[in-house]
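For reference, the structure discussed in these notes is given below.
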Amino acid sequence: MPRMLRMPGKDVLPPGPKRELVAELYVHYREAGRPPLPQIAALTGTMPNPHEVSRETIRRLLTGTTTSQWVVVDALLRALCQMRNWDPDGRRWPEPEDRYDDDDPTTCREYLRRLWNNDIDGLEPDEAPISPPAAPAQAASGWGTPPTAVNQAQQAPGGWGGSVSPQVEDPWATGLPNAPAQPAAYSDEPPF
């Protein structure tokens, strides 16, 4: 009788991105009822969009001795989800029907892929980059245009990290550039 696979201890697989990935795979492995590796391997070749994965590769993924290509990890996830009648593209933590809580809409596949990328990049889950939102398109003219910067010869020293901010044409300027300051006097003219 084959030995039952167990989650590697912290002495064998220390805390870090690889352990996070293996722990997530073990969640699905346990939920599928800890099926024999040959059964998982056979299913990876017969399910929709098949990608055959050997039982040795499955063993290595579940013990954390290898990090494989995404298609292999995805095939293992899909096989384990199929064994437990679970949709890999469904929410990772489904809520009861009477509760509409969107705290974590992440799917099983999205979460596993994030862990897989962290493992490859060697990033802890806290350090993983978050995809930045798309920047809004700049308008070609009108109110949305950025101020025009003065050319390099007219620019004061400084810039990013410098002590002086770069000079920018100011359409609301009230005086002439480089004009001496006038003594304050009363004027009948409105300020606008």
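The values are calculated or read from the model by the stated rules, or taken from the named source; none is laboratory data. A quick note: this is a predicted structure, and the numbers were derived from the prediction, not measured. Positions of Cβ are generated from backbone atoms using ideal geometry, with glycine treated the same way; all protein chains shown enter the neighbour counts. Side chains are part of the model used for accessible areas, which takes the heavy atoms of the whole protein and leaves out ligands, DNA and RNA. Shrake-Rupley method; radii C 1.70, N 1.55, O 1.52, S 1.80 Å.
The residue that is modelled with the lowest pLDDT, counting only those in the stretch 82-119 that are open to solvent by 90 Å² or more (accessible area, probe 1.4 Å) and farther than 15 Å from Glu24 by Cα, is Asp98.
Residues of the stretch 34-53 that are open to solvent by less than 60 Å² (accessible area, probe 1.4 Å), assigned to a helix (DSSP H, G or I) and closer than 20 Å to Arg6 by Cα: Leu37, Ile40, Ala41.
Tell me, please, whether a residue that is modelled with pLDDT under 90, open to solvent by 70 Å² or more (accessible area, probe 1.4 Å) and hydroxyl-bearing (Ser, Thr, Tyr) can be found in the stretch 66-73. There is no residue in the stretch 66-73 that is modelled with pLDDT under 90, open to solvent by 70 Å² or more (accessible area, probe 1.4 Å) and hydroxyl-bearing (Ser, Thr, Tyr). One residue alone among Glu24, Glu56, Glu31, Glu20 is touching a residue at least 60 places away in the same chain (Cβ under 8 Å) and open to solvent by 30 Å² or more (accessible area, probe 1.4 Å), and that residue is Glu20. For the stretch 1-32, a tally of residues being assigned to a helix (DSSP H, G or I) and under 15 Å from Leu61 (Cα atoms) returns 14.
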